[in-house]
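The values are calculated or read from the model by the stated rules, or taken from the named source; none is laboratory data. Quick caveat, the model's predicted, so the values are computed rather than measured. Heads up, the Cβs are rebuilt from the backbone with ideal geometry, glycines too, and the neighbour counts pull from every protein chain shown.
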Amino acid sequence: MGKAWGGRFRQETDPRVEAFTESISFDRRLYDVDIRGSQAHARMLAHVGLISEDDCRQIVQSLDAIRTEIESGTFEYRTDLEDIHMHIERALIDRIGDVGRRLHTGRSRNDQISTDLRLYVRETIDEFDALLQDCQKAFLDRCEQDADVILPGYTHLQRAQPVAAAHYWLAYCEKLQRDRDRLQDCRSRVNVCPLGAAALAGTSLPIDREFTARELGFDSVAANSLDVSSDRDFLAEFVFALSLIAAHLSTWCEEWIIWFTTEFGFLKLPDAYTTGSSIMPQKRNPDVLELIRGKTARVMAAVPQLLMLIRNLPMAYNRDLQEDKPAVFDASDTIRSCLELAPAIIAGAELQRDRIAARLEDGFLDATALMEYLIRQGVPMRTGHETVGRLVAQCESRSCRLADLTLEELQAACDRIQPDVFDVLGTQKAMQALISFGSGGEQPVQERIHWWRDRLTAADAAADR
Ligand code: ARG
């Protein structure tokens with residue numbers, strides 16, 4: 001049962017070393033990309049005449065059969081075979097003997113693992129793009145449902161200015177769009193073919209790297225064998241892109257956890273996505289949101305983990321690089337599980353319209369609108385700011401709202417105020433007064449809803465074609 005690399009060894013490997021060096025326990029999930037990479041490699045070898053067409057056919061078919069065996073759960077994993085590459089190669093040789101022994105021609109596990117990872121990450125990126133779009137659509141659908149709701153906008157978690165509720169939902173669409181764009185950008189550096197770099201130096205055999213790259217859907221071929229066998233930049237970038245997705249999901253969860261408190265009371269969460277307490281019978285906890293927030297830690301931790309892994313490795317491949325996979329797999333599994341749950345929660349939550357409306361006139365959400373009214377009347381901005389500040393203080397001492405002041409009281413503060421001032425006072429009017437592009441006013445938000453609708457349905461139509 002000797003090892004594939006056993007030729008020059010006189011001693012058996014210590015079993016503890018086998019247990020220490022194995023990666024099959026976590027890289028077995030790469031079986032499918034590994035098989036596809038090997039099939040493409042075999043086709044290339046036949047194409048350039050390094051193996052016969054018949055050998056190629058046997059290799060490709062046997063690899064298909066090995067895939068079936070793995071998927072049926074009957075494939076045997078053995079620590080002494082180290083990793084997924086050795087397992088599949090050994091199974092191939094067991095099936096077709098010397099023909100199988102030709103597969104590893106002009107390649108090494110170093111370019112093989114890089115190829116596997118790139119295919120795996122590329123497919124994960126495409127999967128996440130669709131999942132992110134599902135979240136965007138869930139937010140977009142809320143816009144219609146909540147068209148009549150105004151929410152306080154906050155800075156420093158203090159009431160600031162009113163916005164259409166949909167403005168919040170579209171804010172998340174924007175954040176998630178940047179995440180999608182970032183993944184696409186990362187994809188362009190992922191989708192480069194390492195196969196043929198062999199161990200580190202390339203090969204003296206007449207391989208056709210363009211052929212393999214085309215077979216596997218890569219955009220280009222890596223131009224330096226030393227560079228590509230040591231390169232894990234694409235993984236660091238990928239987990240960074242995942243970290244920002246995690247940050248955005250966590251921000252959303254944090255906000256909704258706050259909104260779900262008795263103190264805020266803005267939001268009802270569906271029973272299916274909350275949990276109870278083992279001791280306090282009245283409790284309903286936003287555990288799912290808390291866990292999405294909490295799981296951010298392990299996604300973000302993958303970034304420093306990978307940077308520390310690669311920062312001082314001499315070129316080219318070093319075994320340290322085997323440690324890249326647990327970090328990448330854990331970060332992507334975590335993000336996947338969050339993205340799969342998010343749309344149902346986004347869609348299922350309900351704004352508590354009455355409770356929101358009952359306190360919407362608190363906190364002087366219209367103060368900035370009044371100041372901007374003064375600016376339109378020709379008052380210098382700083383003067384207007386001071387004037388409104390004094391009016392707010394006056395209201396606070398009388399426990400009233402700006403809209404409760406009489407025209408005379410307002411004019412006493414600033415003689416440029418006219419009766420039309422009441423067109424901007426009160427939360428709803430202050431919201432409607434917002435007209436600039438990108439603002440939270442009714443009109444600009446409506447326009448942006450249409451923009452998103454077009455964009456997300458156009459994407460669907462393109463996907464259907
Ligand atoms: N299991 C290894 C990894 O994940 C595959 C490459 C091994 N290469 C080697 N020269 N030992 O990185």
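Which ones in the range 75-128 are crowded, with 19+ Cβ neighbours inside 10 Å and acidic (Asp, Glu)?
Glu82, Asp83, Glu89, Asp111, Asp116
At negative phi, at pLDDT 95 or above and assigned to a helix (DSSP H, G or I), is that true of Phe218?
Values: at negative phi: yes; at pLDDT 95 or above: yes; assigned to a helix (DSSP H, G or I): no.
Judged against the criteria, Phe218 is not a match.
Consider Thr262 against the criteria (1) touching a residue at least 60 places away in the same chain (Cβ under 8 Å); (2) closer than 23 Å to Ala165 by Cβ: it satisfies all of them except one. Which criterion is unmet?
Here Thr262 clears every test but (1).
Considering the range 245-304 alone, what residues qualify as being among the β-branched types (Val, Ile, Thr) and closer than 25 Å to Arg336 by Cα?
Ile245, Thr251, Ile257, Ile258, Thr274, Thr275, Val288, Ile292, Thr296, Val299, Val303
Does Phe211 satisfy the condition of being more than 16 Å from the ligand (Cβ to nearest atom), assigned to a helix (DSSP H, G or I), farther than 20 Å from Glu254 by Cα and at pLDDT 95 or above?
yes
Among the residues of the range 133-153, are any buried (at least 20 other Cβ atoms within 10 Å of the Cβ), farther than 30 Å from Ala459 by Cα and either of a type in the set (S, T, N, Q) or modelled with pLDDT under 95 (or both)?
No, the conditions are met nowhere in the range 133-153.
So in the range 20-54, with the set limited to residues that are touching a Ser or Thr at 6+ places or on another chain (Cβ under 6 Å) and among the small types (Gly, Ala, Ser), which one is surrounded by the fewest Cβ atoms within 10 Å (Cβ to Cβ)?
Ala40
Determine whether the range 6-14 contains at least one residue that is at pLDDT 95 or above, of a type outside the set (Phe, Trp, Tyr), part of a helix (DSSP H, G or I) and closer than 28 Å to Leu321 by Cα. Explain how you work it out, then say what you get.
Pass one, the range 6-14, residues at pLDDT 95 or above: none.
No, the range 6-14 contains no residue that is at pLDDT 95 or above, of a type outside the set (Phe, Trp, Tyr), part of a helix (DSSP H, G or I) and closer than 28 Å to Leu321 by Cα.
Among the residues of the range 258-288 satisfying the criterion of being within 17 Å of Ala171 (Cβ to Cβ) and of a type in the set (A, V, I, L, M), which is surrounded by the fewest Cβ atoms within 10 Å (Cβ to Cβ)?
Ile258
Go through the range 14-24 and give me each residue that's closer than 27 Å to Ile66 by Cα and either free of Cβ contacts under 8 Å to residues at least 40 places away in the same chain or away from the ligand (no atom under 12 Å from the Cβ) (or both). If you could, list the steps in order and put the result at the bottom.
Residues of the range 14-24 that are closer than 27 Å to Ile66 by Cα, as a first pass: 15, 18-24.
Passing the criteria: Pro15, Glu18, Ala19, Phe20.
How many residues are within 26 Å of Asp233 (Cα to Cα), small (Gly, Ala, Ser) and in a helix (DSSP H, G or I) when one looks only at the range 147-205?
Number satisfying all stated conditions: 1.
Quick one: Ser332 ticks every box in (1) under 24 Å from Val121 (Cα atoms); (2) hydroxyl-bearing (Ser, Thr, Tyr); (3) surrounded by fewer than 20 Cβ atoms within 10 Å (Cβ to Cβ) except a single one, so which number is it?
In the conditions (1) under 24 Å from Val121 (Cα atoms); (2) hydroxyl-bearing (Ser, Thr, Tyr); (3) surrounded by fewer than 20 Cβ atoms within 10 Å (Cβ to Cβ), Ser332 misses (3) alone.
Just to be sure I understand, how many residues within the range 223-256 are farther than 23 Å from Asn191 by Cβ and crowded, with 18+ Cβ neighbours inside 10 Å?
Count: 8.
Where residues in the range 70-119 are of a type in the set (Ser, Thr, Tyr) and within 12 Å of the ligand (Cβ to nearest atom), which of them is nearest to Phe211 (Cα to Cα)?
Taking the range 70-119 as the starting set, the residues that turn out to be of a type in the set (Ser, Thr, Tyr) are 72, 74, 77, 79, 105, 108, 114-115.
Now drop any that are not within 12 Å of the ligand (Cβ to nearest atom), which leaves 108, 114-115.
Details: Ser108: 17, Ser114: 17, Thr115: 14 Å.
This residue is Thr115.
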